[in-house]
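**Student:** My structure is below; once you've seen it, I'll send some questions.
FYI, it's all coordinate maths here, none of it is from the lab. None of these values were measured; they are calculated from a predicted model. Cβ placement follows ideal geometry from the backbone for every residue including glycine, while neighbour counts extend to all protein chains displayed.
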Amino acid sequence: MVVAVAGVVAMALSTTYDVGVRYVFNAPTVWATELSTYFLIATIFLGAGATHLAGANVRVEFLPNLLRDAARRDVEIACAWVGLLIALLAAWQSALMVASDYVNEARVFSLLLTPTWMPKLPIAIGLGGLVLALLVEIETLSAHLPRWRRALPYGLVLALAILLLAFGRDVPMSGIGRFDLGSVIALLAVMAGGFVAGLRPGLMTAGGLLGSIALFAMAKDWGTGTLALLLFAGIAAFLATGLRIAFALALVGLLAIYFLLPMPFPMTIAERAWSGVNSFSLTAVPLYVLMGALLVRSRLSDELFVVMARVLAPLPGGLAHAATAGCGIFAAVSGSSVATAATVGSVACPEMTRRRYSPALAYGSVAAGGTLGILIPPSVPMIIYATTVGVSVVELFLAGILPGILMMLLFMGVILAWVWLRPQDAPAIRRGEGPALTRDSLVDSGLVLLLILMVIGSLYGGLATASETGAIGAAAAFVFAALRGRLSRPMLRACLEETVVVTSFIFIIVVGANILSYGFDFLKVSQQVMTLATGAGLDRWTVFLAIILVYVILGMFLDSISMLVLTLPVVFPVTQALGFDPIWMGVILVIMAEVGLITPPVGMNLFVLQGIGKDVALRTIAIGALPFLGAMMVTVLLLCLLPSIALVLPAMMK
C-alpha cells in the first residue's frame, strides 16, 4: 500500500509540475505524461492486495444471501479459491512477460524508450500481492478449522509458485488438449486446496471449475451465436455465486481463450492487463478521486448544503431542494455518486429529519441527487467510457453539463410535486429559519466554487487535459485544506489510501473485462447482436429501447463501472452501426448507469444513505427514490427528442 500511495503522489506531482512549467516557463517536459502512466500502473496493481483485503473488490451476493451461515461460508471459500486460480495464472504470466521483455531488451516506443520490463514489473509484483490477499481471505473464512489446516494453503501455493517458476519461459504442453502443463498443475492445486476447508467447499471448487471446462470444451464446435450466449450465461452464473466481478469476467475470458480461440498457450492475461491500463488519459481517475477525497475529509464541502438551504429553504420542500442543488455543485468536483451522496447526505439528512421531513423524501432526494455525481463532470464512468470507445473525454464532459442541470431541475420538480401532494412530508420553513449561515460556511463554499471554476476553466478553456485538470484540482484542494487548517498527516494518508483502493478496484474490473473482450472480439459478439437485430426487422429505436431495458436490469445487480466495462464491447459497436452519436450515447449510458445506483438490491447510494440514517429502513429510502427514477427516464426521453441538449456544448467547443 505504501508504494501504491507513493504512485498517487508521484502521479499528481509530475502532472502538476508539467502543467506549471509549460505555462510559466514555456518548457513542457518530455517525461511527465509517460511516467504518470507508469505511476498509475504501479498504483493499480501494487494496491490490488490491500484493496481486496479492504473488501472493495465488489461482487453480486445473490446465492450467498440465500444461504445460512455455514453454507454461505463454504460458497465464499470456493469463490476465493477460484479467484486465487485467476490471480495465480495472472501473476505467473506477468512474471513470464517481464522476464521475456528483459531478455529480449524490449522497449516502449516513446521519447524515453523505457525498457518495457520496468513498468510491467509492478503488474507481476502486485498480482503476487493479490494472491497473498486471497490466501488471507481463505484463512479468515476458515477460522473454524485447526491452525495447521489454515496454514496448508500457504504451503500449497508456495510449492506451486516454485514449480511454475522452475519451468522458466518455455512452458511445456500438458498433452491434455491445448492446456500447458503449468496451467494444469495450477488448476489441480486449486481444486485440491478447496478440499482443505472441507468436503463441501472442495466439491464446489472442483465441480465449478471442471463443469465449466467440460462445457466450454464441448462448445468449441457450436455456432458463434450459441457461443456468445454461452459467454453471457457463464458470466451470469459466476456472478450469481458471489465470485468477485473482476474474477468472473476474467474466468469466462480465460475459458474462451483456452477452448474457443485457435491459438496456443498465450500470456494473454498479462498482456491484456498491461494494454488495458497503459493510457495517460486514465490517470484522470485517481486524480479526480483524490480531489474529491481531500474536499470530503477536510470538510470543505460540508457547508454547500447550508448555503443552498439559506437560499432555497422558503420553497416548498426547500431543504430537499437545497440537498439536490448541493449534490449538483459537489458533483462538479467529485466524479463519484457515492461520495456525493455521502457528503451531502451526512449534513442534509440529519437536518431534514430534525425539521420533521418525511424520511422517504429526505433520504430519497439525496440518494437521487447523489447520482448527479457521475453525470455532471468530472465523472469517473465518463472517463472509462471515453477511453474504452475512443472518444474525447473533454467533449463527453461538456456533453454531460446540460443534461446534468436538466436532471437536477427535474429532481426539484419531483420534490415540488411531492410536497404539493403531501405537504405534511415537508413542513414549511420561513425565511430566516433555515440552517445558520456562518463565516465558515461562506469561506468553505467559496473555496469549493473557486475550485470548480479552476477545473472548468482549465479544462473547457483548452488549457489542460482531463488528467491535468485532475492534478490541478487535487493540488488546489490540498492547498485549500491547508489554508483552512484542516490538513493533517492522518487525514492526508486516509485520502491517499482511499484513492488507491478506489483506483485499484475500478481498474482490476477493467482488466477482467479486457480479458473477456478478447473472446468477444473473436466470436464477433457485437456483429451477432447486430445481425439478430436487423434480421428480426427491428428499427434502431427498438434496439435502443432493448439496450435501456438491459441496463435497468443490470443496474439491479452491478455497479456502474462493472456495467459499462461489461457491456461496451457489445453495445457500442451496435449503437454505432445504428447511427447513434457516440458522445450522445455516452451520456445516455451514464444516466442508465446512474439508475442502478438507486435501484435495489445493489443500489450503492441506498446503502450509503442507510448508513447515515441507521434508523431508516432501506425499503423506505428505495421507495423515496422511486419518483426520481421517473425524472431520470424523462431526461433520457428528452435527450432522444432533443439530442442537442447533450451535443450543443461539444459543438460549440469545436
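**Student:** For the chain, calculate the relative contact order in percent as a whole number, restricting contacts to Cα pairs under 8 Å that are 6 or more residues apart. If you can, show how the numbers build up before the last one.
**Tutor:** Numbers: 1073 pairs, mean separation 123.1, N = 654.
Contact order relative to length: 19 percent.
**Student:** Report the extension gain between L199 and V648 in nm, rounded to one decimal, defined as 0.36 nm multiplied by the number of residues separating them, less their alpha carbon distance.
**Tutor:** Full extension of this stretch gives 155.5 nm more.
**Student:** Can you give me the orientation-averaged projected area of the convex hull built on the Cα atoms of the chain, in nm²?
**Tutor:** Working: hull surface 119.5 nm².
Across all orientations, the chain yields a mean hull projection of 29.9 nm².
**Student:** For the range 283-653, what D do you get in µm² per second when you plug the Kirkwood radius from alpha-carbon pairs into Stokes-Einstein at 37 °C and 0.692 mPa s?
**Tutor:** Working: Rh = 20.9 Å.
Using the Kirkwood radius from Cα pairs, D works out to 157 µm²/s.
**Student:** Calculated FRET efficiency, I623 and L549, Cβ-Cβ r, R0 25 Å, to nearest 0.05? Please list the in-between numbers first.
**Tutor:** On the way: r = 22 Å, r/R0 = 0.88.
Working from the Cβ atoms, E equals 0.70.
**Student:** State the three equivalent ellipsoid semi-axes of the range 59-278, derived from the C-alpha gyration tensor as the square roots of 5 times its eigenvalues, in descending order and whole Å. Don't jump to the answer; show the numbers that get you there.
**Tutor:** On the way: eigenvalues 169, 98, 56 Å².
They are 29, 22, 17 Å, listed from largest to smallest.
**Student:** Could you sort the peptides 305-315, 119-129, 622-632, 440-450 by per-residue average Cβ neighbour count (10 Å cutoff), highest mean leading?
**Tutor:** Details: 305-315: 21.5, 119-129: 24.4, 622-632: 19.9, 440-450: 17.5.
Those peptides, ordered most packed to least, come out 119-129, 305-315, 622-632, 440-450.
**Student:** Under a plain spin-label model, where a point goes 7 Å from the Cα along Cα-to-Cβ, how far apart in nm are A577 and A428?
**Tutor:** Once both label points are built, they end up 5.9 nm from each other.
**Student:** A further question on this structure: Average projected area of the Cα convex hull of the range 237-374, in nm²? Working shown, then result.
**Tutor:** Details: hull surface 47.3 nm².
So the Cα hull casts an average projection of 11.8 nm².
**Student:** Residue by residue through the range 96-102, what is 3J(HN,Hα) from phi via Karplus (6.51 cos²θ - 1.76 cosθ + 1.60, θ = phi - 60°)? Round to whole Hz and write x for glycine and proline.
**Tutor:** Computed from phi, the couplings for the range 96-102 are 5, 4, 5, 4, 5, 5, 5 Hz.
**Student:** Grab the Cα-Cα distance for L66 and L156, subtract it from 0.36 nm times how many residues apart they are, and report the gain in nm with one decimal. Before the final figure, lay out the partial values.
**Tutor:** Numbers: separation 90, 0.36 × 90 = 32.40 nm, distance 3.15 nm.
That works out to 29.2 nm of additional length.
**Student:** List every residue whose amide H lies under 5 Å from the amide H of D180, counting only residues 5 or more places away in sequence or on a different chain, with H placed 1.01 Å from N in the peptide plane.
**Tutor:** Result for D180 returns S174.
**Student:** Tabulate in residue order the Karplus-calculated ³J(HN,Hα) for the range 288-295, using 6.51 cos²θ - 1.76 cosθ + 1.60 with θ = phi - 60°, rounded to whole Hz; enter x for Gly and Pro.
**Tutor:** Values, residue by residue: 5, 4, 5, 4, x, 5, 5, 5 Hz.
**Student:** Loop-only chymotrypsin sites (Phe, Trp or Tyr not before Pro) in the range 36-109, please: DSSP not H, G, I, E or B, and at most 16 other Cβ atoms within 10 Å.
**Tutor:** Details: sites: Y38, F39, F45, F62, W81, W92, Y102, F109; in loops: F62, F109.
When the chymotrypsin sites (Phe, Trp or Tyr not before Pro) of the range 36-109 are filtered for loop state and at most 16 Cβ neighbours within 10 Å, F62, F109 remain.
**Student:** Same structure, new question: Using only DSSP helix segments of four residues or longer, with each worth -39500 (n - 2.57), what per-residue ellipticity at 222 nm results for the chain after dividing by its residue count and rounding to 500? Write out the running numbers ahead of the final one.
**Tutor:** Numbers: 28 runs with 488 residues, N = 654.
So the calculated ellipticity at 222 nm is -25000 deg cm²/dmol.
**Student:** What do you get for Rg/Rh over the range 162-220 if you use C-alpha atoms and the Kirkwood form of Rh?
**Tutor:** On the way: Rg = 13.2 Å, Rh = 12.7 Å.
Here the Rg-to-Rh quotient is 1.04.
**Student:** If you don't mind, another one. For R107, enumerate residues with amide H under 5 Å from its amide H, sequence gap 5+ or separate chain, H modeled in the peptide plane.
**Tutor:** T116
**Student:** Could you give the length gained on full extension between F25 and M218, defined as 0.36 nm per residue of separation minus the Cα-Cα distance, in nm? Intermediate values should be presented prior to the final figure.
**Tutor:** On the way: separation 193, 0.36 × 193 = 69.48 nm, distance 6.42 nm.
That works out to 63.1 nm of additional length.
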